[in-house]
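Presented below is the structure to which this report refers.
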Amino acid sequence: MSGRKAHNPNVRSRTPEKENPEGAEPEIAQSGALSVQRATSGRRRRLTVNWIETLFLLILGALAVLPPIRELHKQLTLAAVAVVQLLEGRAVVWFPRHGRGYAVLLKIVLATLLLGHTGEMGINSSYWPIYFVPVVTAATYFGPWGTLFWTALASAAYCSYLIPALQEYALTWEGLAELATRLLFFFLAAMLVNRFAVEIRRRAAAYQSLAEQMAETNRRLAQAQEEARRSERLAALGQMSAGLAHEIRNPLGVIKGSAEMLNRKLQQSNPLASELAGYISSEVNRLSALVTRFLDFARPQALERAPADVREVVDRALAAVAAQRPEAKVGVERVYAEGLPHAPMDERLCEQVFQNLALNAYEAMEPDGGTLSVEIAPAQRGAGHGVEITFRDTGPGIPPELCQQIFNPFFTTKKTGVGLGLSIVSKIVDEHRGFVRVESQSGHGACFRVFLPVAEGAASATAASPPAN
Ligand SMILES: Nc1ncnc2c1ncn2[C@@H]1O[C@H](COP(=O)(O)OP(=O)(O)O)[C@@H](O)[C@H]1O
Ligand SMILES: [Mg+2]
């Protein structure tokens with residue numbers, strides 16, 4: 001710096017507060033003070049400038065009417081600073097990766113130009129605080145290291161005016177101290193603003209994640225309420241139909257008994273009537289079996305759980321289904337893991353679960369047959385440890401839109417189906433505190449996974465070393 005003392009009027013650096021540092025569209029400003037109408041391909045869009053930006057423009061206007069007034073380059077540079085400030089929000093949206101860096105760089109360039117046109121020597125210009133504009137902008141956009149980098153760059157741009165000055169003047173200690181003070185003020189302002197900006201960004205992120213969590217919780221709550229209402233309705237309906245089914249079973253018994261008696265009595269005298277009585281009897285049998293299955297499903301069951309080897313239960317179920325369908329061309333593949341934990345289960349009910357799944361797979365692969373793969377492996381679901389039993393077939397699969405419905409009572413796509421098999425599966429597995437999932441793509445076979453949890457303490461009991469009971 002020259003021996004001359006720098007002229008240092010009390011010029012305040014107005015920090016332009018960012019309309020939206022996170023890069024939202026600037027025209028969505030909350031309070032509009034100045035509106036610029038712009039026609040874009042026949043459609044009119046409003047460019048709204050909020051009051052803080054208006055204030056910023058006013059301050060730049062005030063700088064423009066301070067000396068040197070007749071310096072055209074100075075006025076143009078101030079106008080360019082204003083334009084950059086107005087378009088900055090948009091630039092950040094248009095160039096999300098580098099927009100902020102471009103904005104700061106442009107402001108440093110403009111600040112440097114301004115100094116070149118506002119003093120005999122740029123280093124002595126009283127407009128030096130204009131560097132606070134890029135410095136504070138960087139502090140609001142970047143982290144501490146980014147802020148330091150941009151502040152250092154702005155300082156370097158300012159110091160570049162030393163080169164021409166040193167050609168004519170010598171740098172005194174006072175001049176050097178003055179320059180260092182100014183540079184240190186850049187850093188001081190930058191780090192102070194950055195600290196607040198980082199804190200605000202951190203809080204905004206925390207609030208946003210909290211808001212997202214709350215929205216998710218609300219959504220789940222609404223879903224749970226809806227499910228609870230549906231369950232209540234279904235429970236009431238279930239109770240009513242169970243009562244009805246119970247009442248139907250007694251008259252069915254009487255009808256069946258009477259039809260069989262008629263059949264026997266009329267066998268010789270009236271073959272036609274006897275045949276009709278036979279129909280009544282066989283249809284009543286079917287109805288009665290249906291009512292019994294429904295009552296089995298609806299009746300609350302007391303589980304008799306004991307740790308058991310799930311492989312034996314699955315094998316019994318597979319053998320039972322194979323015996324029911326001797327004509328089926330189904331190959332069964334078993335992949336059973338070693339050292340499986342003994343899951344506490346009601347063996348009779350779990351056998352029914354696996355039978356229902358195997359039976360569905362057999363039916364799905366009719367008439368051409370196919371392969372049913374059964375896998376049993378230890379599994380971890382969330383915090384729960386247990387056994388997963390997978391039934392995978394090579395049938396037509398289940399269309400995704402039906403995957404939720406198939407577990408509803410009486411949902412069936414089969415001509416002679418009852419639609420209770422999977423709802424019984426789901427009910428029994430629920431009672432074991434496990435879950436059943438279906439994975440299926442239409443045309444690529446169905447895959448049912450049953451997870452049975454292992455109770456605390458039973459986790460260590462394995463198939464290789466069964467517990468005492
Ligand atoms: N392995 C499978 N492959 C394809 N569809 C299946 C399979 N298992 C179940 N489904 C579908 O789920 C429906 C309901 O099954 P379920 O409750 O056992 O009743 P049902 O066997 O009497 O139809 C079946 O009608 C069928 O559409
Ligand atoms: Mg079935």
Sequence gap at least 6, Cα distance under 8 Å: using those rules, report the relative contact order of the range 306-453 to the nearest whole percent.
24
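Relative contact order of the chain: what whole-number percent is it, with Cα pairs under 8 angstrom and at least 6 residues apart? Intermediate values should be presented prior to the final figure.
Details: 638 pairs, mean separation 47.8, N = 469.
Dividing the mean separation by the residue count of the chain yields 10 percent.
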What spacing in nm lies between the two simple spin-label points modelled at Glu333 and Thr217, each 7 Å away from Cα in the Cβ direction?
4.7
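Quick one: length gained pulling Arg202 to Val109 fully straight, 0.36 nm per residue minus the C-alpha distance?
Numbers: separation 93, 0.36 × 93 = 33.48 nm, distance 3.04 nm.
Extra length available between Arg202 and Val109 comes to 30.4 nm.
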Dividing the helical contributions, -39500 (n - 2.57) per DSSP H run of n ≥ 4, by the residues of the chain yields a 222 nm value, nearest 500 deg cm²/dmol, of -19500 deg cm²/dmol
With Cα atoms, 0 to 90° folded angle of helix 99-116 axis to the chain main axis:
0
Degrees separating the helix 132-141 axis from the principal Cα axis of the chain, which is the longest one
10
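For the range 306-453, what proportion of DSSP beta bridges, expressed in % and rounded to the nearest 5, is antiparallel? Walk me through the numbers on the way to the answer.
Details: 25 of 32 bridges.
Roughly 80 percent of the DSSP beta bridges within the range 306-453 come out antiparallel.
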Once you order the gyration tensor axes a ≥ b ≥ c over the Cα atoms, which shape class does the range 201-356 get: rounded for a/c under 1.5, otherwise prolate or oblate by comparing a/b with b/c?
oblate
When Ser426, Ser160 are arranged by how many other beta-carbons sit within 10 Å of their Cβ, fewest first, they go Ser160, Ser426
Two-site label geometry, Leu192 and Ala323: point separation in nm, points 7 Å out along Cα→Cβ:
8.9
Gain upon complete extension [Ala302, Ala156; 0.36 nm per residue less C-alpha separation]
44.4 nm
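Starting from 0.36 nm per residue, how many nanometres of slack lie between Glu275 and Asn250 once their C-alpha separation is accounted for? Let's see the in-between values first.
Numbers: separation 25, 0.36 × 25 = 9.00 nm, distance 2.35 nm.
Stretched out fully, the Glu275 to Asn250 stretch lengthens by 6.6 nm.
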Part-to-part distance (alpha-carbon centres) for the range 191-211 and the range 300-352, which is given in Å
57
Report, to the nearest 10°, how far helix 310-324 tilts away from the longest principal axis of the Cα atoms in the chain, using its own Cα long axis and a range of 0 to 90°.
50
Which ordering of His385, His444 is given by a fewest-first count of other beta-carbon atoms within 10 Å?
His444, His385
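For the chain, what proportion of DSSP beta bridges, expressed in % and rounded to the nearest 5, is antiparallel?
85
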Ranked Met365, Met261, Met121, Met345, criterion: other C-beta atoms within 10 Å, fewest first
Met261, Met121, Met365, Met345
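Provide the packing ranking of 349-362, 212-225, 242-255, i.e. peptides ordered by the mean count of other C-beta atoms within 10 Å per residue, highest first.
349-362, 242-255, 212-225
Readers should treat all values here as calculations from the given coordinates under stated rules, not as data from a laboratory. Nothing here was measured: the structure is a model prediction, and the numbers come from that model. Methodologically, a virtual Cβ is constructed for each residue, glycine included, from the backbone with ideal geometry; neighbour enumeration extends over all protein chains shown.
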